[in-house]
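Everything on this sheet refers to the single structure shown next.
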Amino acid sequence: MEKSRKLSVCGTFLYALVRDGEEEKERSMKNTADDKSDRKLVLFFGITLLWTWICGFIPVVFGFAGTGFGTFLFYFGGGAPSVTALFLVCFTYPKEAAKDYFHRCFSLKYMGWKWPLITIGVFSVTTLLSLLIGVGVLGYEMPKMDFAQAILANPLMLFPVLLISLISGPLNEEFGWRGYALDKLLVRFSVFKASAILGFIWGIWHLAWYFTPGQAQYQLLQDSVFHAVMFIPSTMLLSFFVTFVYIKTKRSILAGALVHMFSNLIGSQLLASYTTEISAVIRYTNMFFFAIVIVYMCCSGKFREEAEEQIDRIKADEKRFLAGAIPLKNI
């Protein structure tokens, strides 16, 4: 009887040692994964910001902004978020993770049509409301709508306009902002902190735009320092709306890119040219709508459950893909 009791105690002790060892191994793997992911995220933001700012500010500092070479250099810097992210994905992601990434970038079926249509409706309503307030109530000048009139005169013009809208934002940015950075921020912070951090970095990434003639931010700074500064919080609030759609579409990078695209297309490009006053009305109307979305994100139990489900999926994927990841030092 005594011998049996001793064997039982020894068995329990050995089981506890094995369990503790497994838990320690799991914690070690998690810390290793977090450390690798954090370093890659810092690398992504560092390269992206430096690349864009160097290419954007060199023409300004040396006085050749607006020339052919200056314009080329400026737009070369504008592609930094997507190019940097694609480099990191192609050279550090294991094959299965890269396949998942590109599937979420390009699959129309995975994204579905519901949220792109909702996005078009949202920006159409906020833009029309802005025009009613700006032109009808405040008496500002009606936008000339050069692109919109060109499309009405020749419907085939819709395709080059859509191409311009796709290139000037979604294509050169969203492989990085939503495609690469957002998932890594979501697993380390809350949905709200992740959206705010990414939105702030997204906003200050545009700093060179404030000093480059021909850019909307440059015109804002010439007309009103307040409106120019408010561009950054407006970008932060837009980041929340993109995150909202991203979660609702089960992390479709394409859906996030289309939010960015339709925000530019409907709220800016189709209206050009327009005054700074109208631009400000559109911006603040959108900010009011985004604030409503943020309140919903805070109060909706269903959304919080959806967000947690997607964050858990990111964590599970990180753990699953960890074994095949390529260390940065081997790049």
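The values are calculated or read from the model by the stated rules, or taken from the named source; none is laboratory data. Just so it is clear, the model here is predicted, and its values are computed rather than measured. No Cβ is skipped: glycine too gets one built from the backbone with ideal geometry, and neighbour counts run over all protein chains shown.
A few remarks follow.
- The lone exception for P213 - which of (1) farther than 20 Å from A228 by Cα; (2) exposed (fewer than 15 other Cβ atoms within 10 Å of the Cβ); (3) modelled with pLDDT under 95 it fails: (1)
- If the condition is being surrounded by fewer than 17 Cβ atoms within 10 Å (Cβ to Cβ), under 16 Å from D183 (Cβ atoms) and touching a residue at least 12 places away in the same chain (Cβ under 8 Å), then the stretch 78-101 contributes P94, E96, D100.
- Flag if L162 is among the hydrophobic types (A, V, I, L, M, F, W, C), at pLDDT 95 or above and surrounded by fewer than 18 Cβ atoms within 10 Å (Cβ to Cβ): no
- Test: residue in the stretch 294-305 that is at pLDDT 95 or above, assigned to a helix (DSSP H, G or I), within 26 Å of R39 (Cβ to Cβ) and among the β-branched types (V, I, T): no
- Of all residues in the stretch 127-139, those that are surrounded by 16 or more Cβ atoms within 10 Å (Cβ to Cβ) have Cβ atoms under 6 Å from Cβ atoms of residues that are polar (S, T, N, Q) and modelled with pLDDT of 95 or more, 6 or more apart or on another chain, in L129/T285; S130/T285.
Each row is one residue, and each column tells you yes or no for (1) among the aromatic types (F, W, Y); (2) out of contact with any Asp or Glu (no Cβ under 9 Å at 6 or more places or on another chain); (3) farther than 30 Å from C90 by Cα.
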site	(1), (2), (3)
P143	no, yes, yes
F147	yes, yes, yes
N154	no, yes, yes
W177	yes, yes, no
L186	no, yes, no
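- Scan of the stretch 244-287 for residues that are in contact with a Cys (Cβ under 9 Å, 6 or more places away or on another chain) and among the β-branched types (V, I, T), ordered by number: I253
- Among the residues making up the stretch 107-123, a single one is among the small types (G, A, S) and without any contact (Cβ under 8 Å) to a residue 24 or more places away in the chain: G121.
- Filter result for A228 (farther than 18 Å from L258 by Cβ and surrounded by 20 or more Cβ atoms within 10 Å (Cβ to Cβ)): no
- Yes/no for T235 being of a type in the set (S, T, N, Q) and either touching a Gly at 6+ places or on another chain (Cβ under 7 Å) or over 30 Å from H103 (Cα atoms) (or both): yes
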